[in-house]
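Contents: one structure, followed by commentary.
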Amino acid sequence: MRLFIAEKHEVGQAIAKTLGNPRRKDGYYTCGNDVVTWCAGHMLELCPPEDYDEALRKWTLESLPIINIPWKYRVIEGRGKQFGVIANLIKQADEIVNAGDTDAEGQLLVDEILEYCKNRKAVKRILINDNNEKLIRRALGNLRENSEFFGLYQSALARMVGDKLYGFNLTRLYTLKGREKGFNGILSVGRVQTPILGLVVARDRAIADHRKTYYFTVKGQFSIQGLNFPALFRAPEDSPLDEKGRIESEVYAQRIASACKGQPAKVISVDKKIKQEAAPLPYDLLELQVDASRKFGVKADKTLKITQELREKKLITYNRSDCRYLNDENHQDAPEVLATIVGNAPLFAPFVKKSDPSRKSRAFNNANVTAHHAIIPTQGRGDISSLTEDQRNIYLLICRAYIAQFWPLKESRVIIVNLEVEGYQFRAVNTQIISPGWSALYKNDKGNQEIESGKSDDSTTVELSQLSKGYEGFCTDCQSEKKETLPPKAYTEATLLKDLKQVAKYIKNSEIAKLLRDKDKGKKGESGGIGTPSTRDSFIVKLKERDFIEEKRKLLVSTKLGREFHDALPATATAPDMTALWHQQQKDIQEGRINLDTFLAGLVKTVTEEVIKVREMGLPIKDNSPNCPICKVTKLRRIKGKNGFFWGCIGYPSCEASFPDKRGKPNLEPKPKANAGDTTDHACPECENGNLIKRRGKSKKTKKFYNWYGCDQYPTCKASFFENDAKLKFG
């Protein structure tokens, strides 16, 4: 029996259909002598420290660093049944085919199962990046030895084990040292999460450190051949310019304006060209998250959830794709997909009618497709009126981007006129749309950077086509204008997600920046990014939960805690350099220049050195949380509850004070929800230092109230007793 193990059910289903005569069983398909089963993403996870040693469940500085090598796996909760199916089929198989996705992660998630199950049978590899039957049939005829991809598996394993080892050691280290300063939250560190915090902190500080400076422009008004239009002075290189090529001398700008005003002008060149613009590419997950945030205010993590729901309804293709291109074979399905769009969303009927399914846009390019193609509508029928508003909006975005691939190019006539006055040159640019083409689908989409080319200072709405070289006239007026330099803009969720695709531009070391760009070589739309489309949003959510960043008026900014924590970390942790260096080592592992053990040994050394340093030097972080006004012993902490943030006493349950959150601070004006209790004269029988406090509780099971006692020395003493406890001797 030959066993195919796919990464996800829909791929397994497509393989079974291609093999022919599939019969559905519980967790697999049979196709004659072939069996096809599937994973649900990763089926295994690395064990936490306490699975190696129960003593490691407690966080202590003495236990660090924790080096769990060799590592152990465990089955992810909720996936035990399907894993059992896979493991049982592996035992029965004569030959196995790894049908994971074609990227490193796809190689890893099947190979780790085979390793866990101690498989020693022959394993082949099939490379599938599209569920198109023709492509799968071609891949079935070109099976390769799985051993050819051992380096790819090892490189992915290095990243996974490295992330775990780095993350839990430094998170425990900084959290424990933070507690010494009175901070009781989790100070989490991660290879991707922490550099994202670094980006936000750097942006906030660039804004705060911005010092207002000025630059100057010179604009003339011209009258030539009956046309009146503006043109912008083009400063020569020997002018007093700043690093961005802007005039920084007001005296110089005023001198140019005075010299040109009222003087004869001459057209020295006219450049006329037709500009053709292709439609925006179909979506990958990140671009969809960006547009959903910009247009509808939908958070990135919610967009991921919604696309998963749409995929489960069979309305869209694989939703976690990091690719914006399609296979040539996808083009053959265009008539059916367009017809399905009309059936599901009749509002697109007029636009589909004007589409040409035979048109092949730049999106259809096999060479640019990675493990998955772009997110597009399927041929699945559905009633979009039954969708939620957010589901409908996102489905319509995906449909629009697909329809645009079958519309004509947008065509514009661009005329550039260069003029000369008193030896000084000016330029005017006029753009006239000849045919809107696909842009008619986007005419109400303001703020979309992909379709808005943006107007430059030398743009004019005056049609300049009648001008020719040698025409003469006058510069009727000329004025200099003082302009203020602007600070960088604070991040929004959309702009931060965009930047995560290109963080290499912030790396000062050009060689390291190149390593990060090399990681994304051949991956269209990525240029030295960190994280993946399906995980980036989760890091932003985690940073918010840790109170390292917060959202103010739709802007993402760092908190005081976030900045202090950032400053307490080594530069290697807050910069994306580590991802670049790890990529180079993973590449070396993949190509056999180093082995996994060498990589991990270097990482263990780095982590150990950081543990020793922080253990000795401590953590320069302050806990400025307000004192609890009820117990007056401990502090209040901002907590995220199911209904949003609130402030609670960290002395809970001895003190149950809580206050609503008001713009990031506790609102102490309302009467607090508290059960401070009544202090008794009875000593605590556990510690014998404190007195017992009588409290009121409510049973979740019976809903009845009861009395209980806690020590007033909490959290030093965490003793608690029911009223009828034998240890209580009240006389």
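See the values below:
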{"read-out": "Count of the stretch 266-291 residues which are of a type in the set (Gly, Ala, Ser) and either closer than 30 Å to Thr532 by Cα or assigned to a loop (DSSP other than H, G, I, E, B) (or both)", "value": "2"}
{"read-out": "Hits in the stretch 14-45 - residues which are in contact (Cβ under 8 Å) with a residue 40 or more places away in the chain and surrounded by fewer than 20 Cβ atoms within 10 Å (Cβ to Cβ)", "value": "Lys17, Asp26, Gly27, Ala40, Gly41, His42, Leu44"}
{"read-out": "Matching option when the condition is at pLDDT 95 or above, outside the structural domain of Ile126 (by TED's automatic domain parsing) and under 30 Å from Ser63 (Cβ atoms), among Leu197, Leu232, Leu187, Leu176", "value": "Leu197"}
{"read-out": "Residue within the stretch 332-343 that is over 25 Å from Trp438 (Cα atoms), part of a helix (DSSP H, G or I) and among the small types (Gly, Ala, Ser) present", "value": "no"}
{"read-out": "Total residues in the stretch 292-330, condition buried (at least 21 other Cβ atoms within 10 Å of the Cβ), of a type in the set (S, T, N, Q) and part of a helix (DSSP H, G or I)", "value": "4"}
{"read-out": "Exclusive hit being assigned by TED's automatic domain parsing to the domain that holds Glu95, part of a strand (DSSP E or B), at pLDDT 95 or above and closer than 30 Å to Asn132 by Cα, set Thr18, Thr37", "value": "Thr37"}
{"read-out": "Number of the condition not met by Asn88 [criteria: (1) out of contact with any strand residue (DSSP E or B) (no Cβ under 7 Å at 6 or more places or on another chain); (2) part of a strand (DSSP E or B); (3) of a type in the set (S, T, N, Q)]", "value": "(2)"}
{"read-out": "Residue in the stretch 334-356 that is in contact (Cβ under 8 Å) with a residue 40 or more places away in the chain, within 26 Å of the chain's Cα centre (by Cα), crowded, with 16+ Cβ neighbours inside 10 Å and in the same structural domain as Gln289 (by TED's automatic domain parsing) present", "value": "no"}
{"read-out": "Odd one out for Pro240 among (1) without any contact (Cβ under 8 Å) to a residue 40 or more places away in the chain; (2) under 21 Å from Pro570 (Cα atoms); (3) touching an Asp or Glu at 6+ places or on another chain (Cβ under 8 Å)", "value": "(2)"}
{"read-out": "Check on Ile621, surrounded by 18 or more Cβ atoms within 10 Å (Cβ to Cβ), under 29 Å from the mean Cα position of the chain (by Cα) and under 26 Å from Leu173 (Cα atoms)", "value": "yes"}
{"read-out": "Set Thr579, Thr535, Thr574: member being buried (at least 22 other Cβ atoms within 10 Å of the Cβ), under 30 Å from Val298 (Cα atoms) and at pLDDT below 90", "value": "Thr579"}
{"read-out": "Qualifying helices (runs of 4 or more DSSP H) (wholly inside the stretch 547-621; at least 3 residues being under 30 Å from Leu152 (Cβ atoms) and of a type outside the set (Val, Ile, Thr))", "value": "577-590, 596-617"}
{"read-out": "Test: residue in the stretch 387-404 that is crowded, with 23+ Cβ neighbours inside 10 Å, in a loop (DSSP other than H, G, I, E, B) and not aromatic (Phe, Trp, Tyr)", "value": "no"}
{"read-out": "Where Phe216 falls short, out of the listed (1) in a helix (DSSP H, G or I); (2) at pLDDT 90 or above", "value": "(1)"}
{"read-out": "Boolean, Ile66 is touching a Pro at 6+ places or on another chain (Cβ under 8 Å) and β-branched (Val, Ile, Thr)", "value": "yes"}
{"read-out": "Qualifying residue in the stretch 429-440 (condition: among the hydrophobic types (A, V, I, L, M, F, W, C), over 30 Å from the mean Cα position of the chain (by Cα) and closer than 30 Å to Ser239 by Cα)", "value": "yes"}
{"read-out": "Top-ranked residue in the stretch 512-532 [being closer than 14 Å to Gln193 by Cβ and not polar (S, T, N, Q); ranked as surrounded by the most Cβ atoms within 10 Å (Cβ to Cβ)]", "value": "Ile530"}
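The values are calculated or read from the model by the stated rules, or taken from the named source; none is laboratory data. None of the values given here were measured: they were computed from a predicted structure. So basically every Cβ, Gly included, is an ideal-geometry build from the backbone, and we count neighbours across all protein chains shown.
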